[in-house]
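The values are calculated or read from the model by the stated rules, or taken from the named source; none is laboratory data. The model shown is predicted, which means the values in this text are computed figures rather than measured ones. Here Cβ is always computed from backbone atoms with ideal geometry, including for glycine, and neighbour counts include all displayed protein chains. Surface areas here come from the heavy atoms of the whole protein model, side chains and all, with no ligands, DNA or RNA. Shrake-Rupley method; radii C 1.70, N 1.55, O 1.52, S 1.80 Å.
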Amino acid sequence: MNLIIDCHGHQTLVPQAHLDFRAAQLARLEDPSKPRPSLPVYPDSELYEIIANNQYKLQQERGADITIFSPRASAMEPHIGDTETSIDWAQACNNMIKRTVDLFPDNFVGVCQLPQQVKNDKPAGLEDAIEELERCVLELGFIGCNLNPDPSGGHFSAPPLTDRYWYPLYEKMVELRVPAMIHVSGSCNACLHATGSYYMAADTNAFMNLITGDLFADFPELNFVIPHGGGAVPYHWGRYRGLADMLGKPTLDKHLMQNVYFDTCVYHQPGIDLLCEVIDPKNILFASEMIGAVRCIDPETGFYFDDTKRYLENLDLTADARHDIFEGNARRIYPRLDELLKGRGL
């Protein structure tokens, strides 16, 4: 029997002390005379109750086994604050994920937020992000990271993902054997609704970035997950195949799709149908992002929009495709997860 591994979960509900800590950080940015706030303190019982009554409850009701869990994406906010703010916020968020994993060790595994920053409207160096990645993997037992391709919060001032600016982080990812989910955060651009347009635009833009370069020639062991079904990419697959050809690149299966994967955070049946028809099952990971961007019930079906396992179960998948999407691809792309599960006899 397959394990059901959900590769895209966020801790969207948090203890009040965590919110108060963030409020204190923002207050200090407004008034630098205020002291640097201490990291938040709250009891395990409060955190347990939040997760038990929400993500864990839905995970069990919907039939998943393990969720790859990271801090709330829209609250990463690398465009807000100074170096101290970014580092402290990432540590507070990642420490909370670690505590959640420790409370539910059979059900959640951690992925970290990186303290990326913007200085003078440009992305700052990645030294702090690399240090936090190393801490989370080697000390907290995390298996991957969320990489924000646009720390500006909607102004796209960062270099493309193929630029050598990113190479020190990629080198550390390869060394640690961890992939990244390419995931932006909140939008500070009034033209870009965060979860409705900014996320989709950034996902699509990331794929096009990768087409234009030759990143995986330099990093053949580097892996990326592009969430939300790959943005607009599967729907416009012919466009991207054609653009790769016009740019003199190899076919997409050779150029990118040994290293790039899409998740199934697509919230209607026709969208999942198209994703699984266009994209090879070896490049699709089951995901729901439950209690995330779309938390309501679809009036046309009577089920929650983000109950994506239901959509996949409606497809006539082969046994091999089902195994790849629900378990095999995640274990292959996240080798530290595979080692963890093998250590449990799974």
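The table that follows gives values for the structure above.
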quantity	calculated
Sole residue being in a loop (DSSP other than H, G, I, E, B) and surrounded by fewer than 13 Cβ atoms within 10 Å (Cβ to Cβ), chosen from Ser33, Ser45	Ser33
Considering residues of region 1-28 that are touching a strand residue (DSSP E or B) at 6+ places or on another chain (Cβ under 8 Å) and in a loop (DSSP other than H, G, I, E, B) only, the residue surrounded by the fewest Cβ atoms within 10 Å (Cβ to Cβ)	Leu3
Elements of type helices (runs of 4 or more DSSP H) contained in region 207-312, each with 3 or more residues being under 21 Å from the mean Cα position of the chain (by Cα)	269-278
Those residues of region 157-176 which are of a type outside the set (A, V, I, L, M, F, W, C), in a loop (DSSP other than H, G, I, E, B) and surrounded by 16 or more Cβ atoms within 10 Å (Cβ to Cβ), in sequence order	Pro160, Thr162
Close pairs from region 121-137: first in contact (Cβ under 8 Å) with a residue 24 or more places away in the chain and closer than 20 Å to Gly153 by Cα, partner assigned to a helix (DSSP H, G or I) and open to solvent by 50 Å² or more (accessible area, probe 1.4 Å), Cβ under 6 Å, at least 6 apart	Leu126/Pro168
Residue that is nearest to Ser70 (Cα to Cα) [pool: residues in region 288-341 that are in contact with a helix residue (DSSP H, G or I) (Cβ under 9 Å, 6 or more places away or on another chain) and basic (Lys, Arg)]	Arg336
Tally, over region 193-206, of residues that are assigned to a helix (DSSP H, G or I) and surrounded by fewer than 15 Cβ atoms within 10 Å (Cβ to Cβ)	2
Filter result (open to solvent by less than 60 Å² (accessible area, probe 1.4 Å), in contact with a helix residue (DSSP H, G or I) (Cβ under 7 Å, 6 or more places away or on another chain) and farther than 23 Å from Asp6 by Cβ) within region 233-280	Trp237, Tyr240, Leu243, Ala244, Lys249, Leu252, His255, Leu256
One residue from Gly186, Gly153 being over 28 Å from Leu252 (Cβ atoms) and within 15 Å of the chain's Cα centre (by Cα)	Gly186
Number of the exception - Ile68 against (1) under 22 Å from the mean Cα position of the chain (by Cα); (2) over 29 Å from Asp338 (Cβ atoms); (3) not in a helix (DSSP H, G or I)	(2)
Filter pass, Pro105 being within 26 Å of Tyr56 (Cβ to Cβ) and over 16 Å from the mean Cα position of the chain (by Cα)	yes
